[in-house]
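First comes the structure, then the notes that go with it.
The values are calculated or read from the model by the stated rules, or taken from the named source; none is laboratory data. What you see is a predicted model, and the numbers here were worked out from it, not measured in a lab. Cβ sites come from the backbone with ideal geometry, for glycine too, and all protein chains shown count toward neighbours.
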Amino acid sequence: MSASSSLLGKRVLIPRGKQHAKPVAELVRDLGGIPVEIPLISFKPTITQKEAARLNETLHTYDWLIFTSNVTVETFFAHVDIKSELLPKIAVIGEKTKEVLEAKGLNVDFVPSQYVAEGFIEEFLPQIQKGEHILIPKGNLARDAIASALRQKEVIVKEIIVYKTHMPEDSKALLKEKLLNHQLDIILFTSPSTVDHFMEVVLENDLADQIKQCIIACIGPVSKDRAETHGLHVHAIPDRYTVKDMLNQIILYLKEIQTT
């Protein structure tokens, strides 16, 4: 691998939960970086048995089921029976979410060209009719942009919280140690929650100086906005909102600063 197409041995913070960090770590290694796995988010299912039973009874009454992340897919179908003949049409925001559903043998009927809520809304609204019923499983911190836009079109929307997001306690001490010892070169933010939890540790331990030399990368504009709200300068954001594209954008940034 040439230096111009690699992460140059940089130590890359991977903030995803343990079950989702492995493929990112492998990608970082393949691109010449050193993965540092510190889960900044963890998910706790919140669906009760009563809610699950109700969902299994009523799922067939919806016209559309919208998933905004692979975590939502995994949590939802851990409690709801997968009977494809009873499922409504399925819409997703990202390619990874589509892949997770297809791995379960489910067809995805709509994927936008832009993997953010605003792009989804713009392209999805022409697909639906007034009075249709749509179910949106989501996390407790998820935005309501999609539901709000759908309701303006007089669509009947039900949102259900299927998990809560929190930061693992043991990650706080590990992140503090890595930052104090300047053992991170690149910080990946894959959601606004990862930004918030990272900055919680930084602010609680007065570590702002320790991150000044770090390269900050965000997977999309929502995470970028959150990072900038915290006063961070974002060095890399991809045009296509995937981890692979984010890492490639970092490589381009590294190449750029090497030549200046």
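At-a-glance table
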{"read-out": "Residue count, the range 235-249 (criterion: of a type in the set (Val, Ile, Thr) and either over 18 Å from the mean Cα position of the chain (by Cα) or surrounded by fewer than 19 Cβ atoms within 10 Å (Cβ to Cβ) (or both))", "value": "1"}
{"read-out": "Options Lys164, Lys224; residue that is touching a Phe, Trp or Tyr at 6+ places or on another chain (Cβ under 9 Å), exposed (fewer than 15 other Cβ atoms within 10 Å of the Cβ) and closer than 28 Å to Ile121 by Cα", "value": "Lys164"}
{"read-out": "Residue pairs meeting the criteria (Cβ under 8 Å; at least 6 apart or on separate chains; first at positive phi and in the same structural domain as Ile136 (by TED's automatic domain parsing), in the range 105-117; second assigned to a loop (DSSP other than H, G, I, E, B) and hydrophobic (A, V, I, L, M, F, W, C))", "value": "Gly105/Ile82"}
{"read-out": "Which numbered condition Lys138 fails, given (1) closer than 24 Å to Ile237 by Cα; (2) modelled with pLDDT of 95 or more", "value": "(1)"}
{"read-out": "Residue match in the range 241-251 (condition: part of a strand (DSSP E or B) and under 28 Å from Trp64 (Cβ atoms))", "value": "no"}
{"read-out": "Cβ-Cβ under 8 Å pairs, at least 6 apart or on other chains, the range 52-81 side under 26 Å from His20 (Cβ atoms), far side of a type in the set (Lys, Arg)", "value": "Trp64/Lys89; Leu65/Lys89; Thr68/Lys138; Asn70/Lys96; Thr72/Lys138; Val73/Lys104; Phe77/Lys104"}
{"read-out": "Odd one out for Gly131, checked against (1) crowded, with 17+ Cβ neighbours inside 10 Å; (2) modelled with pLDDT of 95 or more; (3) assigned to a loop (DSSP other than H, G, I, E, B)", "value": "(1)"}
{"read-out": "Glu99 vs. criteria acidic (Asp, Glu) and touching a residue at least 40 places away in the same chain (Cβ under 8 Å)", "value": "no"}
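Per-residue answers, yes or no, for (1) over 16 Å from Thr68 (Cβ atoms); (2) at pLDDT 95 or above; (3) outside any loop (DSSP other than H, G, I, E, B):
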position	(1), (2), (3)
Arg143	no, no, no
Thr165	no, no, yes
Leu174	yes, yes, yes
Lys178	yes, yes, yes
Ile187	yes, yes, yes
Asp196	yes, yes, yes
